[in-house]
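The values are calculated or read from the model by the stated rules, or taken from the named source; none is laboratory data. Every value quoted in this text rests on a predicted model; they were computed, and no experiment measured them. Cβ sites come from the backbone with ideal geometry, for glycine too, and all protein chains shown count toward neighbours.
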Amino acid sequence: MRGPFTTLIFTLILSTNLSAGLVEKVSPLLGRSAALVSWTDETGSIHRLSDFAGHPIILLPVYTRCRTACVTNAGRLITALEGAAADPTQFRVLLFSFDPTDGPAVLARYRANEKIPLGWSVGTASEKDSAALLESIGYQYGRAGNEFIHPNMLVFLDGKLRIAKVIYGNNYSGREIDAALKVAAGESDWIGRHSDLLYALLVFGASICCVAFFYYLLQLVLLRKANCPPAGDHARL
């Protein structure tokens, strides 16, 4: 009995350690400051990200030649904010192109074609500044020929330009936007701040349940073998 039990305990410890390794970098760098880069809008005017300080910021990385995910991401954000309760004067939205070839004329056409609201900002920066900004918010992308491979990621910065919340994918609603903006405005996000711990506890609990289940099956098999008479006894009967 000590052998199987010891094996099961070792399996539990191993699965817990593996789970801990998976949890290590699950959440983005919440609280980290975004790089204070300069960027250019569709009129050719130069701005700094620090111009938005004091307001929550919704930052959506895109590039204008992308006709698939980036179009969907921008459209989803427009739809979600139309259904949100947040006051649009109390936050800022920046669609930031990480393609340095997206000059003012290209950005102007992009705004018109995608019907980007006039209250939103559309801009780009030099390759160096783009890389600095996106690295600071944990946004990883790379070239694939003339296109880019990139995640679908919506970043919320607080009034001090620190990462407050991140939404991955494009399947979100106005309610989720409202919740993220509240966090960026300073409201508590206990679940978000402790997501790694909650995930680790969930995985640990699942590991215990799996080990307990297999241990129960092992005991059941051993019990049935113990209660089953040898084949020779059946013959003598």
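Scanning region 20-42 for residues that are modelled with pLDDT under 50 and either under 23 Å from Ser121 (Cβ atoms) or not in a helix (DSSP H, G or I) (or both) turns up Glu24, Lys25, Val26. Within region 44-70, residues that are assigned by TED's automatic domain parsing to the domain that holds Asn152 and under 14 Å from Trp120 (Cβ atoms) have Cβ atoms under 6 Å from residues that are of a type in the set (S, T, N, Q) and modelled with pLDDT of 95 or more in these pairs: Val62/Ser97, counting only partners at least 6 apart in sequence or on another chain.
Quick one: in region 135-185, of everything that is assigned to a strand (DSSP E or B) and small (Gly, Ala, Ser), which residue is surrounded by the fewest Cβ atoms within 10 Å (Cβ to Cβ)? The residue in question is Gly142.
The rows are residues; the columns are (1) among the aliphatic types (A, V, I, L, M); (2) modelled with pLDDT of 75 or more; (3) farther than 27 Å from Ala53 by Cα.
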site: Leu133; (1), (2), (3): yes, yes, no
site: Tyr141; (1), (2), (3): no, yes, no
site: Ile149; (1), (2), (3): yes, yes, yes
site: Asp158; (1), (2), (3): no, yes, no
site: Ala164; (1), (2), (3): yes, yes, no
site: Asp178; (1), (2), (3): no, yes, no
site: Trp190; (1), (2), (3): no, no, no
site: Leu197; (1), (2), (3): yes, no, yes
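Filtering region 109-149 to residues that are out of contact with any Asp or Glu (no Cβ under 7 Å at 6 or more places or on another chain), in contact (Cβ under 8 Å) with a residue 60 or more places away in the chain and under 18 Å from Ile58 (Cα atoms) leaves Ala125, Ser130, Ala132, Leu133, Leu134, Glu135, Ser136, Ile137, Gly138, Tyr139. The single condition among (1) within 21 Å of Lys165 (Cβ to Cβ); (2) without any contact (Cβ under 8 Å) to a residue 60 or more places away in the chain that Glu82 does not meet is (2).
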